[in-house]
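As structure tokens, the structure follows; a few thoughts come after it.
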Amino acid sequence: MCTYHTEHVKLAGSGKGPEGWFSLAEASVYYDHPVHAPSEHSVNVDFLNRSLGPRARVAVELDPASARDLAHALLAAAEQAAALSR
Amino acid sequence: MSKERTHDMRARTVTIKGHGGDEIEAYLAEPEGDGPFGGTVVIHHMPGYDRSTKEIARRFASAGYIALMPNLYHREAPGADPDDAAAAARAAGGVPDERLVGDVAGAMAYIKALAKSNGKVATIGYCSGGRQSFLSATSLQLDAAVACYPGGVVNPPPPGAPVNFKPLLERTKDLSCPLLGLFGDEDKFPTPEEVAILAKELSSAGKDYEFHSYPGAGHAFFDVDRPSYRVEAALDGWAKIFDFFGRHLDGSK
């Protein structure tokens, strides 16, 4: 199915795309068809900076368990960053 | 020797006038020879104007139909890779329905202006394109329409869906042409219950339609590059499409 559902997140940071590093502005997060992952659906994240054009994109397609593990790891790292900055 | 026998065709990228007179990219596949041939607008799925959908366009041309697939994401991402363009379109909120209808109308006009066209034009779409094929057939005067697993016709898409994807059921009365619907019994978007509701609505409105739903198949069973591919459903589905097109697109207008 096409779920259509998309979460949009504003971001500050950098990503490395096909033409090198660029500043990230946002991410689209959605559960839908992958382009490459060998499954019918995947949790997809597009890290984007639309002002730089469609090639300014870092894409990942994750199986749901991996997406959950990654989310926990990101939260753990963010918590550590917050603790160290106190 | 018939075109169906030789499969001779040629395909290339062209520029067409879409919604609002915008120039957009499109992929044209046409049978060799003078025709006249029927034509179909191929509406790509949400992952975009990609290689696998271009293969579908070429299959129609090899079977004797002019096929034209507009790049629905051309405005957001001209010249981009299909997956980058799909991501850009998604981030921008998706393709508005009004713009889609304008782009399909432009593609229809392009086909009809070809010397080898017989003046008959259908639409066919897959996935979100299936919904857009139904939308086109209730907005434009077509000769036939095919909707392959079209979600979002009966039930609304889930919260968070981009742009104004409204359900289209109330547009059923405006269907301008015979409709072929192809579905998978295991699909969740649309579910078999939604398919039954649409069939009932079409019957009530006295519309010419035929639906086929395949056991063991879910969404995107035509897509040979994905695990969702179901060979038996896809082969029978192709046969149903060509039978349908033979009845509604062949001959002269």
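Every number here is computed from the coordinates shown, using simple stated rules; none is lab data. Just so it is clear, the structure is predicted and the values come from calculations on it, not from any experiment. Positions of Cβ are generated from backbone atoms using ideal geometry, with glycine treated the same way; all protein chains shown enter the neighbour counts.
Would you calculate the convex hull of the Cα atoms in chain A and tell me its volume per residue in Å³?
Details: hull volume 9.5 nm³, N = 86.
It comes to 111 Å³ per residue, whole-number rounded.
Among bridges DSSP assigns within the protein assembly as shown, what percent are antiparallel (round to 5)? Mind showing how you got there, number by number?
Working: 35 of 59 bridges.
Close to 60 percent.
DSSP beta bridges fully contained in chain B are about 35 percent antiparallel. Relative intensity of chain B on a log10 scale, I(q)/I(0) at q = 0.08, 0.11, 0.14 Å⁻¹, equals -0.27, -0.53, -0.89, per a Debye sum over C-alpha point scatterers of equal strength in the absence of solvent.
Which of the GluC sites (Glu not before Pro) across the stretch A:1-72 are loop residues per DSSP, with 10 or fewer other Cβ within 10 Å? Can you show the working numbers first?
Details: sites: A:Glu7, A:Glu19, A:Glu26, A:Glu40, A:Glu61; in loops: A:Glu19, A:Glu40.
Those satisfying the criteria are A:Glu19.
Here the Kirkwood formula puts the hydrodynamic radius of the stretch B:123-253 at 14.8 Å, using every distinct Cα pair.
Tell me the mean residue ellipticity at 222 nm calculated for the protein assembly as shown from its helices only (DSSP H runs of n ≥ 4, each -39500 (n - 2.57), averaged over every residue, nearest 500). Don't jump to the answer; show the numbers that get you there.
Numbers: 8 runs with 105 residues, N = 339.
That calculation yields -10000 deg cm²/dmol at 222 nm.
For peptide A:28-40, the mean count of partner chain Cβ atoms within 10 Å of a residue's Cβ comes to 5. For the Cα trace of the stretch B:213-253, dividing Rg by the Kirkwood Rh returns an Rg/Rh value of 1.13. Considering only the other residues whose Cβ falls under 15 Å of the Cβ of A:Pro18, what net charge follows from Lys and Arg at +1 and Asp and Glu at -1? With Lys, Arg at +1 and Asp, Glu at -1, the net is -2. Sorted on the mean count of surrounding Cβ atoms within 10 Å across their residues, most packed first, peptides A:10-17, A:49-56, B:40-47, B:74-81 read B:40-47, B:74-81, A:49-56, A:10-17.
Can you give the log10 of the normalised intensity I(q)/I(0) at q = 0.11 Å⁻¹, computed with Debye over equal Cα scatterers of the protein assembly as shown? For the protein assembly as shown at q = 0.11 Å⁻¹, log10 I(q)/I(0) is -0.71.
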